[in-house]
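In what follows, a single structure is set out as structure tokens and then discussed.
The values are calculated or read from the model by the stated rules, or taken from the named source; none is laboratory data. Note that the structure is predicted; figures quoted are calculated from it, not measured. Backbone-built Cβ (ideal geometry, glycine too); neighbour counts: all protein chains shown.
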Amino acid sequence: MREIDPISIEITKYALENIANEMFWTAIRASKSPIFYETYDFSTAITTREGDVIAISIGLPLWAGVMKFLVKNMLDEVEKYEGINQGDIIISNDPYLTGTHTNDIGLVMPVFHKDEIIAVVAAKGHVNDVGGMNPGTWGPGSREIYQEGLFLPPVKFYREGKLNKEIARIILANTRIPDYVYGDLEALAAGLRVGGKRINELLEKYGIEVLKKAIESSLEEGRRISLRRLKELPKGEFRAEDFLDDDYITGNPLKLTARIRITDEKFIVDFSENPKCVEAPINNTYPATFAAVAVTYIAIIDPHTRVTQGLLEPLEVIAPPGTIFHAIRPYPVSVYWETMSYAADLVWKALAPHIPDRLSAGHFLSVTAESIAGIDPRTGEYYILVEPNPGGWGASIDKDGESALVAFADGETYANPVEILERRFPIIVERFELNIKDGTGHGKYRGGFGIVKDYRILSDKAYFTTAVNRSRYPPWGVFGGLNGTVNYMVIIRDDKELMRVARILNYELRKNDAVSIRSGGGGGWGDPLERDPNLVLQDVINEYISIDDAKNIYGVVIDPDTMTIRWEETKELRERLKRKRSFS
């Protein structure tokens, strides 16, 4: 046996991290759809047989908390019916086992040393269509999971290195865009094969004992960091509540609640007080709920450290089965992300005033996704445009919020470039700019701005689907900061606003209609009357706010001719506004 030295262990630990990222970039290069190669709506990871994350790539932060469920449940299910062998790649989109919704397909491939599984390479990504009642599969119309497209339990996509053609045929027979779906699945499989090859190369170079020690060291390092940072947090119980815009059935809002208890050893989030599952696709499976909380937990503990299962070990999430944060079959989940986002945001909202150096005010929160689908007149083939959209983030204790940034769960995902959109889909992007008109949450530091993006339809007709939240309940401010603004979309016909929507299913668009995506601005931080007048002036110069807003909201008087601050008038106005507020 080789002597196990700490340097070899450290090299191997970081080699595993590099392998996870190489898997990701391999899938990018091989993928077929912009949602992979431009948006990055997937991730790759290396785990233990039990699903403990050792290394994870960029992509969606959400997958860091999902991978353990994905790997362990998929391997356990397949082992019930048949053995697992070298070269097997298992596939599933069962949301109750693997988290999220049927569009998100998981692939796992065990890596063997002799007869022992020494690691598992895994991937999970959004495939643009797996059948169902509308193009793109997800949408606000389903009442049960069976309306949400093809449902694959864990089965073998590859068996001992050979494609399971029967499974492939079933998948491709249940999608409107088979070439794209197959291309993206094979891209993920290619990433896994690269990961398996690289791990075997590490084995040849350093040996099995070094690899095992590196895995153990990675997990232990995460535990140590987590427990050390937990000791720095305020202890006790914290609570927050908010409202989902509506339940998709009665139109009434749904009250959502989280209780958080922090000790030196545990970070416990309890969702027991929440509504039962509803016959609408806003239910959230337990793996997705855990993963959403994990994103906020990582932001609090250390957003810059390596993410492993050890880092998440002190986190405990309670969500009783049959509730909206722990969906059970057959409740639908295709628009899970809108409820899932609140799982993270409730924790965020409860703790932001208590750890202001780590958490901002509320952000636009919704994925603000749309689906536009139809027949491309250039090719005669089906097209489906699905994407998340950026918006405004909340202000922090010492800076304004970020503008046009994707929501928390989307992490490193990106808005599609205009050139790609116009090349791949029969649309014209007529406008892509900050949403100045709707504004943002004002404060000592203001929230960031959302976006306006207009798509002009060039096909003879197209079908439009969306489901966004925070269209009625805006992002929250902190310490006197004002709330942000809401998300919505507008259908335009004959260059006039036809309707403003937050939720719509398969609406038939005509040629030359337009869809305008409007995301909201983030919440403010602190009293607007405490904002540096020079920052207010800069916002006026940048046309973020008007001179009237500068005066009425911030108490800053600006000379419109010289674009300078009238300091004496500003001082008097601010004092008068403060007295008026105190009197009120």
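Looking at LEU172, LEU203, LEU219 in this structure, which one is under 24 Å from ILE35 (Cβ atoms), surrounded by fewer than 21 Cβ atoms within 10 Å (Cβ to Cβ) and over 24 Å from the mean Cα position of the chain (by Cα)? Lay out the reasoning, then the answer.
Details: LEU203 fails: under 24 Å from ILE35 (Cβ atoms); LEU219 fails: under 24 Å from ILE35 (Cβ atoms).
Just a single option satisfies the conditions, and that option is LEU172.
Screening GLU402, GLU422, GLU433 for residues that are surrounded by fewer than 23 Cβ atoms within 10 Å (Cβ to Cβ), on the phi < 0 side of the Ramachandran plot and in contact (Cβ under 8 Å) with a residue 24 or more places away in the chain leaves exactly one candidate, GLU402. Would you check which residues across segment 560-584 are among the polar types (S, T, N, Q) and surrounded by 13 or more Cβ atoms within 10 Å (Cβ to Cβ) and list them? The answer is THR570, and nothing else. Can you confirm whether VAL53 is in the same structural domain as ILE171 (by TED's automatic domain parsing) and in contact with a Pro (Cβ under 8 Å, 6 or more places away or on another chain)? It is false that VAL53 is in the same structural domain as ILE171 (by TED's automatic domain parsing) and in contact with a Pro (Cβ under 8 Å, 6 or more places away or on another chain).
Which ones in segment 493-534 are free of Cβ contacts under 8 Å to residues at least 24 places away in the same chain and touching an Asp or Glu at 6+ places or on another chain (Cβ under 9 Å)? Passing the criteria: ARG493, ASP494, LEU498. In segment 139-159, is there at least one residue being of a type in the set (A, V, I, L, M), assigned by TED's automatic domain parsing to the domain that holds ASP94 and modelled with pLDDT under 95? Scanning segment 139-159, I find no residue that is of a type in the set (A, V, I, L, M), assigned by TED's automatic domain parsing to the domain that holds ASP94 and modelled with pLDDT under 95, so the answer is no. Listed by position, the strands (runs of 3 or more DSSP E) enclosed by segment 222-302 that each have at least 3 residues that are surrounded by fewer than 21 Cβ atoms within 10 Å (Cβ to Cβ) and of a type in the set (Lys, Arg) are 254-262.
Specify the residue that is surrounded by the fewest Cβ atoms within 10 Å (Cβ to Cβ); the eligible residues are those in segment 303-325 that are hydroxyl-bearing (Ser, Thr, Tyr) and part of a loop (DSSP other than H, G, I, E, B). Within segment 303-325, the match that is surrounded by the fewest Cβ atoms within 10 Å (Cβ to Cβ) is THR305. Checking each residue in segment 49-86 for being closer than 26 Å to LYS162 by Cβ, of a type in the set (Val, Ile, Thr) and surrounded by fewer than 24 Cβ atoms within 10 Å (Cβ to Cβ) picks out VAL78, ILE84.
Check whether at least one residue in segment 486-497 is closer than 29 Å to ASN252 by Cα and surrounded by fewer than 17 Cβ atoms within 10 Å (Cβ to Cβ), and report yes or no. If you could, list the steps in order and put the result at the bottom.
From segment 486-497, those closer than 29 Å to ASN252 by Cα are 486-492, 497; that's our starting set.
With the extra rule that they be surrounded by fewer than 17 Cβ atoms within 10 Å (Cβ to Cβ), the set shrinks to 490, 497.
Yes: one or more hits.
Taken over segment 163-208, the residue count meeting the criterion of being part of a helix (DSSP H, G or I) and farther than 20 Å from TYR383 by Cα is 26. Has segment 551-558 got any residue that is touching a residue at least 40 places away in the same chain (Cβ under 8 Å) and either under 20 Å from ALA395 (Cα atoms) or out of contact with any strand residue (DSSP E or B) (no Cβ under 7 Å at 6 or more places or on another chain) (or both)? Scanning segment 551-558, I find at least one residue that is touching a residue at least 40 places away in the same chain (Cβ under 8 Å) and either under 20 Å from ALA395 (Cα atoms) or out of contact with any strand residue (DSSP E or B) (no Cβ under 7 Å at 6 or more places or on another chain) (or both), so the answer is yes.
Can you pull out the residues in segment 144-167 that are buried (at least 16 other Cβ atoms within 10 Å of the Cβ) and either out of contact with any Phe, Trp or Tyr (no Cβ under 7 Å at 6 or more places or on another chain) or charged (D, E, K, R) (or both)? Lay out the reasoning, then the answer.
So in segment 144-167, the residues buried (at least 16 other Cβ atoms within 10 Å of the Cβ) come out as 145, 147-152, 154-159, 164, 167.
Residues satisfying the conditions are GLN147, GLU148, GLY149, LEU150, PHE151, LEU152, PRO154, VAL155, LYS156, PHE157, TYR158, ARG159.
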